[in-house]
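Visitor: Attaching a single structure in structure tokens format; questions to follow.
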There are 2 protein chains.
Amino acid sequence: MGKSQQDNRQWNGWGDREKSLALTADGASFITETLGLATPLPVATLDEVLAKVPRSRLDKSELYTCDAEVRVRHARGQSLPDWLAMKSGEFNLFPDGVAFPRSSEDIRILMAEAKEQGWQLIPYGGGTSVVGHITPTVSDKPVLTISMGKMNRLLDLDRVDQIATFGAGVKGPFLESQLQAQGFTLGHFPQSFELSTLGGWVVTRSSGQQSLGYGRIENLFAGGEIETFEGKVEIPTLPASSAGPDWRQLVLGSEGHLGILTEAKVRVSRLPEEEFFGVGFMPNWQQGIACAREAVQLGLPLSMLRVSNSIETHTQLYLSANQTQRHWLAKLLSLKGVGDDKCMLVYGITGDKKSNKQSYKRLKAVISQFNGVNTGQSLGKKWAHKRFAFPYLRETLWQMGYAIDTLETATNWSNIAPLTEKIEQSLREGLADSSESPDAPQSKVHVFSHLSHLYSDGASIYTTYLFPVSGTYEETYARWQRLKSTTSKLIVESSGTISHQHGVGGDHAAYLVREKGERVVDSLQNYFNAFDPKGQLNPGKLFKGIPAKSLQSHGKQDQ
Amino acid sequence: MGKSQQDNRQWNGWGDREKSLALTADGASFITETLGLATPLPVATLDEVLAKVPRSRLDKSELYTCDAEVRVRHARGQSLPDWLAMKSGEFNLFPDGVAFPRSSEDIRILMAEAKEQGWQLIPYGGGTSVVGHITPTVSDKPVLTISMGKMNRLLDLDRVDQIATFGAGVKGPFLESQLQAQGFTLGHFPQSFELSTLGGWVVTRSSGQQSLGYGRIENLFAGGEIETFEGKVEIPTLPASSAGPDWRQLVLGSEGHLGILTEAKVRVSRLPEEEFFGVGFMPNWQQGIACAREAVQLGLPLSMLRVSNSIETHTQLYLSANQTQRHWLAKLLSLKGVGDDKCMLVYGITGDKKSNKQSYKRLKAVISQFNGVNTGQSLGKKWAHKRFAFPYLRETLWQMGYAIDTLETATNWSNIAPLTEKIEQSLREGLADSSESPDAPQSKVHVFSHLSHLYSDGASIYTTYLFPVSGTYEETYARWQRLKSTTSKLIVESSGTISHQHGVGGDHAAYLVREKGERVVDSLQNYFNAFDPKGQLNPGKLFKGIPAKSLQSHGKQDQ
């Protein structure tokens, strides 16, 4: 049960076992030249890990399995600490059992049992969290992970209302194939699309690559059903309402604390007549930011617009093009005044052909206005082809001895350039005193960023950083922890959100108070506690520690 | 203080004393033919009302005024019960004082005093609520109304982020004039635009006529500052975040229960290059609905699209065109196959000229596809010119002996036609047994509807109803109460929201549980109670009665 289904899945890394993303020779030498040669850490085998899985604290039951391998496969997500745990084999914590419910009724039975027995429950979608959403915490009581993958059907498609009802465990590709077969699309394509689930998208407030056209999951999630400890709550699919706060907005971002979302109703769109992606190059980061801001503030109807900074552009070209290609591109661009500081722009245009033509024309005018060069669709096709492949590179780099992680935030436009600079500097210099010389391989961190989601008032910043692993897992973790905590603190102290699209989980919980304020965080935690008075639902995620019992316990000072 | 400022405002009706909207002779005879001749009720004078204002329970203070006229002028909104109270002079309840704060600091002082003294606080924006948001309730403690009108300045305009910061008491025209002087617009134009305020729009989840282009207030409200009993809470202007639930969404629709919104930051747009409104006619209501649905589901970039049903179209033409104009229009339309069931479509197109041209072309194709006729911009201009004038008709009709009220909801597309039919039937037949014959003038209600706000998954339905007043105010109120309660119950039992744009206030509080479910409503009420443990903030609005202390007190049954 559940085991065979998982067979193609990497048990200790990203994605499908049979897929990989190799580096070109150029790409590999670019990395080693940038970060120095590195020595990979030894990787534990599945058998070694299985030998360490403790006895389950759950009694045998038909409601779940206590099979050791299934427990291993559901113990961790895809954060860097998760990777270090999986690769080292030092998981430390496992769920005591994993359930694979097939219906809301199954979930109701599981929740009733959990409530009575005091079990902790962890909802599990695609296992792709990069912030520790699904990692068990230390607990006196048994921990049961509820894996939603069997609840993955299109239950209803209302072609008039354009609302589709899915089992919340449906993964991206199966969701889209079921919809597209009937002429519709959800249009939600996060990088984790191949593995992540609709329910996961909702409860973590996910955003897809084409959110500029289709909206964030907040805009797409219309309603559905959630099983709480008090029974089912139905969320009506009202197109809009002014009848007090919109409860959907408390389900979005609840990260398991309300209960388990079983059915999600989503607003779907008709399949577009035409969609294409293209690539342009801006002369530098400032012009790239300005071009993106102009396009979105003009209201150009694009479905996507991303801007890489110079280092990301440089890195991407080394990883994806050969020397001849890079040479000709540089030559072409320099003829048009775009030099070494070039910043790549990737855009998506989706809609009817005539409108697309007009949108494209307007976009090209904006690119020109900021002295950029449009290279058209050939590089765009390449991007689209690999849009979900990037996470596979983690394994390739890991095997070379490099760890890779990402940080992301969103902020207002006027803060974009300064905040990007601060984030990159914090990461780039974050390990500087960890060895004698700042140029020593031990201290090198390769950092680059892009704007991935645009809004009239700001954008998200997505920063990738690579560094060589240290001699031990403990040291490597400590290095990551230093980079992550320093930079996360900096983000929330610099008017950025701790997460634009990954959520809070365990890894970001410490930074939430700085972002939202103590009163607001306590009030939200108290809100969720009312649905879960004993703290059984995904404890340790979203919030850190126990809430103040009441707002009255705060002083009267301003924040 | 505050008195002179109010001088131009009707003290017992809508809007500016010097403005009115007269009926044409045709319009007047259409109404009397439809509803029978009616006898207006006697209207109390201001002096009569002033004589009835009880002594204030507040001590004299520089923080507020206890002037009787100011208290009268802030005692009621614009619901039909409010009108009956104002016209009869039977206000019954008045605030004990009215404060006109000039700053957040003033509000902090008022709230500290209120907290200590146990006063009830009612935030007052433009006084345009049609659901009893600002009506005092019976209270042992003094009631202080906080009128926000002096906090009306544009405090900051960030041209890069396109975020404007306003004092929350700014009214529509002053907000737009301050923005438009600098090349920007908020684009939020509810029918109450001339009088209603930004803060009111936010806390009641308002929607403007051009929400199709600019979004609802939820999309425009970026953050700001709210004064609570525990001090100021700053709401950051993050363009988007996945860091748990978005607290802005709990401010939106809070109807005063969190505290007083002092500064609101809003996402503004650049002034469009071009904007125009136009009118088309569809052969019947079904085709009108289908045309609207097609336009919005195709994603046509319109800023507005409204569809009146046949009775509304018929009524509008009688009220706004003369016989010759109606004749020629009917002749023109019938040549193109659009007859007596014609439904008027009003559209707005806003943007750059080239895109507008393309949008207009696409819209005309959709109108044709559903056998409609586009008449172009001349009637659209007329509509735009009078877009905020309709409420003035209430006074004209009142003086003829007719009461007018509106009901509005939103629902999914497949429910639009059936729900509109149910609502209209409920109102039309709602007074049928109140006199011997169903054709007796006493039982007549004239009812018509339009779709005013469109979404991919549904639309709002806005229904207007007129009926002759009865011999006394008490009887007239009873007739209204019957229509309102029967139809409101029907709406929430038929998958409609109790309000798409007016909010909950006191009048809709009883229907909220049916819409959201008991658990959700109790949880929200408990959430707000934590910010207001003694129930001093606008009590009796949004929620009805005292919440269940805890969710645990519910049974385990599903809803």
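The values are calculated or read from the model by the stated rules, or taken from the named source; none is laboratory data. Just so you know, these numbers come straight off a predicted model, no measurement behind them. All Cβ positions, glycine included, derive from the backbone under ideal geometry; neighbour counts span all protein chains shown.
Visitor: For B:GLN399, state whether it is assigned to a helix (DSSP H, G or I), within 18 Å of B:PRO40 (Cα to Cα) and away from chain A (no Cβ under 14 Å).
Guide: Yes: the conditions hold for B:GLN399.
Visitor: Can you spot a residue in region B:428-445 that is within 25 Å of B:ARG216 (Cα to Cα) and either in a helix (DSSP H, G or I) or among the aliphatic types (A, V, I, L, M) (or both)?
Guide: Here is the first cut: in region B:428-445, the ones within 25 Å of B:ARG216 (Cα to Cα) are none.
The answer is no; no qualifying residue exists.
Visitor: Further, regarding this structure: Which one of these does B:ARG17 not meet: (1) at pLDDT below 95; (2) closer than 25 Å to B:LEU144 by Cβ?
Guide: Checking B:ARG17 against (1) at pLDDT below 95; (2) closer than 25 Å to B:LEU144 by Cβ, the one that fails is (2).
Visitor: Say we look at region B:179-199 and pick out the residues that are polar (S, T, N, Q) and in a loop (DSSP other than H, G, I, E, B); which of these is nearest to B:GLY149 (Cα to Cα)? Full working, then the answer.
Guide: Step one: of region B:179-199, the residues polar (S, T, N, Q) are B:180, B:182, B:185, B:191-192, B:196-197.
Okay, now just the ones that are also in a loop (DSSP other than H, G, I, E, B), so B:182, B:191-192, B:196.
Details: B:GLN182: 22, B:GLN191: 19, B:SER192: 15, B:SER196: 10 Å.
Only one residue fits best here, namely B:SER196.
Visitor: Among the residues of region A:193-213, how many are facing chain B (nearest Cβ under 10 Å), out of contact with any Leu (no Cβ under 7 Å at 6 or more places or on another chain) and farther than 16 Å from A:ILE134 by Cα?
Guide: 2
Visitor: Condition first: assigned to a helix (DSSP H, G or I) and over 23 Å from the mean Cα position of the chain (by Cα). Can you find one or more residues in region B:37-45 that meet it? Before the answer, list the steps.
Guide: Restricting attention to region B:37-45, the residues satisfying the condition of being assigned to a helix (DSSP H, G or I) are none.
Checking region B:37-45: not a single residue is assigned to a helix (DSSP H, G or I) and over 23 Å from the mean Cα position of the chain (by Cα).
Visitor: Now for a different question. Output yes when any residue across region B:171-182 is of a type outside the set (Asp, Glu), more than 30 Å from B:ARG55 (Cβ to Cβ) and free of Cβ contacts under 8 Å to residues at least 12 places away in the same chain, and no when none is. Even if it seems obvious, please write down each step before you answer.
Guide: Here is the first cut: in region B:171-182, the residues of a type outside the set (Asp, Glu) are B:171-175, B:177-182.
Now narrow it down to the ones that are more than 30 Å from B:ARG55 (Cβ to Cβ): B:171-175, B:177-182.
Checking which are free of Cβ contacts under 8 Å to residues at least 12 places away in the same chain leaves us with B:177, B:181.
Checked against the condition, which is being of a type outside the set (Asp, Glu), more than 30 Å from B:ARG55 (Cβ to Cβ) and free of Cβ contacts under 8 Å to residues at least 12 places away in the same chain, region B:171-182 yields at least one hit.
Visitor: Take A:PHE166 and tell me if it is more than 14 Å from chain B (Cβ to nearest Cβ) and buried (at least 20 other Cβ atoms within 10 Å of the Cβ). Walk me through how you get there before you give the answer.
Guide: Values: more than 14 Å from chain B (Cβ to nearest Cβ): yes; buried (at least 20 other Cβ atoms within 10 Å of the Cβ): yes.
Here the answer is yes, as A:PHE166 does meet what is asked.
Visitor: Now for a separate question. Being part of a loop (DSSP other than H, G, I, E, B) and farther than 30 Å from B:GLN481 by Cα is true for just one of B:GLU18, B:GLU116, B:GLU105, B:GLU90. Which residue is that?
Guide: Details: B:GLU116 fails: part of a loop (DSSP other than H, G, I, E, B); B:GLU105 fails: part of a loop (DSSP other than H, G, I, E, B); B:GLU90 fails: farther than 30 Å from B:GLN481 by Cα.
Answer to the selection: B:GLU18.
Visitor: So the check is Cβ under 7 Å with 6+ separation or different chains; which pairs have a first residue in region A:346-364 that's away from chain B (no Cβ under 11 Å) and a second one that's part of a helix (DSSP H, G or I) and hydrophobic (A, V, I, L, M, F, W, C)?
Guide: A:VAL346/A:TRP383; A:TYR347/A:LEU363; A:LEU363/A:ALA295
Visitor: Here are A:ARG293, A:ARG306: which of them is in a strand (DSSP E or B), surrounded by 21 or more Cβ atoms within 10 Å (Cβ to Cβ) and not small (Gly, Ala, Ser)?
Guide: Details: A:ARG293 fails: in a strand (DSSP E or B).
Testing whether each residue is in a strand (DSSP E or B), surrounded by 21 or more Cβ atoms within 10 Å (Cβ to Cβ) and not small (Gly, Ala, Ser) leaves just A:ARG306.
Visitor: Follow-up. If you scan region B:480-500, which residues turn out to be touching a strand residue (DSSP E or B) at 6+ places or on another chain (Cβ under 6 Å) and either within 21 Å of B:GLY259 (Cβ to Cβ) or not in a helix (DSSP H, G or I) (or both)?
Guide: Selection gives B:SER495, B:GLY496, B:THR497, B:HIS500.
Visitor: I need the strands (runs of 3 or more DSSP E) fully contained in region A:217-267, keeping only those with at least 2 residues that are more than 9 Å from chain B (Cβ to nearest Cβ) and in contact with a strand residue (DSSP E or B) (Cβ under 8 Å, 6 or more places away or on another chain).
Guide: Details: elements: A:221-228, A:231-235, A:260-267.
Once the strands (runs of 3 or more DSSP E) in region A:217-267 are filtered for at least 2 residues that are more than 9 Å from chain B (Cβ to nearest Cβ) and in contact with a strand residue (DSSP E or B) (Cβ under 8 Å, 6 or more places away or on another chain), what remains is A:221-228, A:260-267.
Visitor: Would you pick out the residues in region B:464-485 that are in contact with a Phe, Trp or Tyr (Cβ under 7 Å, 6 or more places away or on another chain) and either within 14 Å of another protein chain (Cβ to nearest Cβ) or of a type in the set (Ser, Thr, Tyr) (or both)?
Guide: Once the filter is applied, which keeps residues that are in contact with a Phe, Trp or Tyr (Cβ under 7 Å, 6 or more places away or on another chain) and either within 14 Å of another protein chain (Cβ to nearest Cβ) or of a type in the set (Ser, Thr, Tyr) (or both), region B:464-485 yields only B:THR464.
Visitor: Separate question: For A:GLY506, state whether it is buried (at least 22 other Cβ atoms within 10 Å of the Cβ), farther than 20 Å from B:LEU238 by Cβ and at pLDDT 95 or above. Give the derivation first.
Guide: Details: buried (at least 22 other Cβ atoms within 10 Å of the Cβ): yes; farther than 20 Å from B:LEU238 by Cβ: yes; at pLDDT 95 or above: yes.
Spelling it out, A:GLY506 is indeed buried (at least 22 other Cβ atoms within 10 Å of the Cβ), farther than 20 Å from B:LEU238 by Cβ and at pLDDT 95 or above.
Visitor: What number of residues within region B:486-510 satisfy the criterion of being free of Cβ contacts under 8 Å to residues at least 60 places away in the same chain and either within 7 Å of chain A (Cβ to nearest Cβ) or within 26 Å of B:GLY215 (Cα to Cα) (or both)?
Guide: Of the residues in region B:486-510, the ones free of Cβ contacts under 8 Å to residues at least 60 places away in the same chain are B:489, B:492-493, B:509-510.
Filter once more, so that each one left must be either within 7 Å of chain A (Cβ to nearest Cβ) or within 26 Å of B:GLY215 (Cα to Cα) (or both): B:492, B:509.
Residues meeting the conditions: 2.
Visitor: Suppose we filter A:LEU332, A:LEU300, A:LEU317 for residues that are surrounded by 18 or more Cβ atoms within 10 Å (Cβ to Cβ) and either free of Cβ contacts under 8 Å to residues at least 40 places away in the same chain or over 27 Å from B:ASN356 (Cα atoms) (or both); which single one remains?
Guide: Details: A:LEU332 fails: surrounded by 18 or more Cβ atoms within 10 Å (Cβ to Cβ); A:LEU300 fails: either free of Cβ contacts under 8 Å to residues at least 40 places away in the same chain or over 27 Å from B:ASN356 (Cα atoms) (or both).
None of the others qualify; the one that does is A:LEU317.
Visitor: A further question on this structure: Collect the residues in region B:451-474 that are touching a helix residue (DSSP H, G or I) at 6+ places or on another chain (Cβ under 7 Å), under 21 Å from B:ASN284 (Cβ atoms) and surrounded by fewer than 24 Cβ atoms within 10 Å (Cβ to Cβ), keeping them in residue-number order.
Guide: Of everything in region B:451-474, just one residue is touching a helix residue (DSSP H, G or I) at 6+ places or on another chain (Cβ under 7 Å), under 21 Å from B:ASN284 (Cβ atoms) and surrounded by fewer than 24 Cβ atoms within 10 Å (Cβ to Cβ), namely B:THR463.
Visitor: Additional query: Which condition does B:ALA264 not pass, out of (1) of a type outside the set (Lys, Arg); (2) at pLDDT 95 or above; (3) farther than 30 Å from A:GLN297 by Cα, if it passes all the others?
Guide: Evaluating B:ALA264 over (1) of a type outside the set (Lys, Arg); (2) at pLDDT 95 or above; (3) farther than 30 Å from A:GLN297 by Cα leaves (3) as the failure.
Visitor: Here's something else I'd like to know. The conditions are (1) within 13 Å of chain B (Cβ to nearest Cβ); (2) over 25 Å from the mean Cα position of the chain (by Cα); (3) not acidic (Asp, Glu), and A:ALA181 fails exactly one of them. Which is it?
Guide: (1)
Visitor: Which of the numbered conditions does B:THR375 fail, given that it passes all the others? Conditions: (1) over 23 Å from the mean Cα position of the chain (by Cα); (2) under 21 Å from B:LEU212 (Cα atoms).
Guide: Unmet condition: (2).
Visitor: If you go through region A:410-423 one residue at a time, do you hit one that is closer than 26 Å to A:ALA44 by Cα and either surrounded by 22 or more Cβ atoms within 10 Å (Cβ to Cβ) or over 19 Å from the mean Cα position of the chain (by Cα) (or both)? Before you say what the answer is, go through the steps one by one.
Guide: Within region A:410-423, the subset closer than 26 Å to A:ALA44 by Cα is none.
For region A:410-423, residues closer than 26 Å to A:ALA44 by Cα and either surrounded by 22 or more Cβ atoms within 10 Å (Cβ to Cβ) or over 19 Å from the mean Cα position of the chain (by Cα) (or both): absent.
Visitor: Hey, another quick one. B:ASP158 passes all but one of (1) in the same structural domain as B:GLU194 (by TED's automatic domain parsing); (2) touching a residue at least 40 places away in the same chain (Cβ under 8 Å); which number fails?
Guide: Going through the list (1) in the same structural domain as B:GLU194 (by TED's automatic domain parsing); (2) touching a residue at least 40 places away in the same chain (Cβ under 8 Å), B:ASP158 breaks only (2).
Visitor: Of the residues B:LEU524, B:LEU542, which single one is assigned to a loop (DSSP other than H, G, I, E, B), facing chain A (nearest Cβ under 9 Å) and at pLDDT 95 or above?
Guide: Values: B:LEU524 fails: assigned to a loop (DSSP other than H, G, I, E, B).
Among B:LEU524, B:LEU542, only B:LEU542 is assigned to a loop (DSSP other than H, G, I, E, B), facing chain A (nearest Cβ under 9 Å) and at pLDDT 95 or above.
Visitor: Determine which single condition A:PHE30 fails, assuming it passes every other condition in (1) over 24 Å from A:GLY126 (Cβ atoms); (2) touching a Gly at 6+ places or on another chain (Cβ under 7 Å); (3) of a type in the set (A, V, I, L, M, F, W, C).
Guide: (2)
Visitor: A further question on this structure: If we scan region A:277-295, do we find a residue that is polar (S, T, N, Q) and either at the interface with chain B (Cβ under 8 Å from one of its Cβ atoms) or touching a strand residue (DSSP E or B) at 6+ places or on another chain (Cβ under 6 Å) (or both)? So that I can check it myself, show each step before the final result.
Guide: If we filter region A:277-295 for residues that are polar (S, T, N, Q), which is where we start, we get A:284, A:286-287.
Applying the additional criterion that residues be either at the interface with chain B (Cβ under 8 Å from one of its Cβ atoms) or touching a strand residue (DSSP E or B) at 6+ places or on another chain (Cβ under 6 Å) (or both) yields none.
No, region A:277-295 has no match at all.
Visitor: May I pose another question? Restricted to region A:108-122, and to residues that are touching a strand residue (DSSP E or B) at 6+ places or on another chain (Cβ under 8 Å) and farther than 16 Å from A:CYS66 by Cα, which residue is nearest to the other protein chains (Cβ to nearest Cβ)? Working first, answer last.
Guide: Initial filter on region A:108-122 (touching a strand residue (DSSP E or B) at 6+ places or on another chain (Cβ under 8 Å)): A:108, A:110-111, A:114, A:119-122.
Remaining after also requiring farther than 16 Å from A:CYS66 by Cα: A:108, A:111.
Details: A:ARG108: 9, A:MET111: 11 Å.
Selected residue: A:ARG108.
Visitor: Same structure, new question: Looking at region B:135-168, which of its residues are touching a Leu at 6+ places or on another chain (Cβ under 9 Å) and within 25 Å of A:ASN412 (Cα to Cα)? Step through it out loud before you land on a result.
Guide: Taking region B:135-168 and keeping what is touching a Leu at 6+ places or on another chain (Cβ under 9 Å), we get B:135-139, B:142-146, B:148, B:152, B:154, B:157, B:163-168.
Hits for region B:135-168 are B:ASN152, B:LEU154, B:LEU157, B:ILE163, B:ALA164, B:THR165, B:PHE166, B:GLY167, B:ALA168.
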